[in-house]
1. Which residue is surrounded by the most Cβ atoms within 10 Å (Cβ to Cβ), if the candidates are limited to segment 118-144 and must be assigned to a loop (DSSP other than H, G, I, E, B) and aliphatic (A, V, I, L, M)?
2. Considering every residue within segment 71-78, establish whether at least one is open to solvent by less than 80 Å² (accessible area, probe 1.4 Å) and among the aliphatic types (A, V, I, L, M).
3. Determine the pairs where a residue that is within 16 Å of Phe111 (Cα to Cα) and in contact (Cβ under 8 Å) with a residue 40 or more places away in the chain, located within segment 5-31, has a partner that is surrounded by 13 or more Cβ atoms within 10 Å (Cβ to Cβ) and of a type outside the set (Ser, Thr, Tyr) with Cβ atoms under 6 Å apart, the partner being 6 or more residues away or on another chain.
4. How many residues are more than 15 Å from the chain's Cα centre (by Cα), open to solvent by less than 50 Å² (accessible area, probe 1.4 Å) and free of Cβ contacts under 8 Å to residues at least 60 places away in the same chain if we restrict to segment 79-94?
Amino acid sequence: MSDNSYEPAFDADSFMARYAAYQQRGAELNAANKLTLFTALSVAGITSVTVTFDGSGDSGQIESVAAKAGDVDATMPESEIEIATADFHRIEPERLTQPLAEAIETLAYAFLEETHGGWENNEGAYGEFVFDVAAGTISLDYNERIETSENYTHEF
């Protein structure tokens, strides 16, 4: 008698459940990282930070990180903070000790992944984050580049 049972090599339901758990861990860690970062920025007298990014052709990068103290440009302090990042393959987060500017970049990349995964692919996307320390908010102005083609064929 033959065995007609079939088990797929890839279990999509299991993968999607693991991916949803990974996304949830990431969102929770991003919220905690934001609080840690804003505390350090406040102590340093930084009132806002603007982060610009640009991506295309399957690569993307942070273009600049600019800090302000009130209306005056400010130098980002060299102080370090500990943040945590999610890893799809591990339940426990990876803990990183980074200078403030680098931690801001790490958090910006994490928020891009959370909201617009693949922002660097094809024509890519560009925009900016504004970290408003007093309001405790991070806003994202996101612009996605789209290339289209329309073709019409007629035969009469």
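The values are calculated or read from the model by the stated rules, or taken from the named source; none is laboratory data. It should be emphasised that the depicted structure is a prediction, and the values quoted were computed from it without experimental measurement. Don't worry about glycine lacking a Cβ; one is built from the backbone with ideal geometry, like all the others, and counts go over all protein chains shown. Surface accessibility is based on the protein's heavy atoms, side chains included, excluding ligands, DNA and RNA. Shrake-Rupley method; radii C 1.70, N 1.55, O 1.52, S 1.80 Å.
1. This residue is Val133.
2. Taking every residue of segment 71-78 in turn, at least one turns out to be open to solvent by less than 80 Å² (accessible area, probe 1.4 Å) and among the aliphatic types (A, V, I, L, M).
3. So the pair list comes out as Tyr22/Ala86; Arg25/Ala86; Gly26/Ala86; Leu29/Ala84; Leu29/Ala86; Leu29/Pro93; Asn30/Ala110.
4. The total comes to 1.
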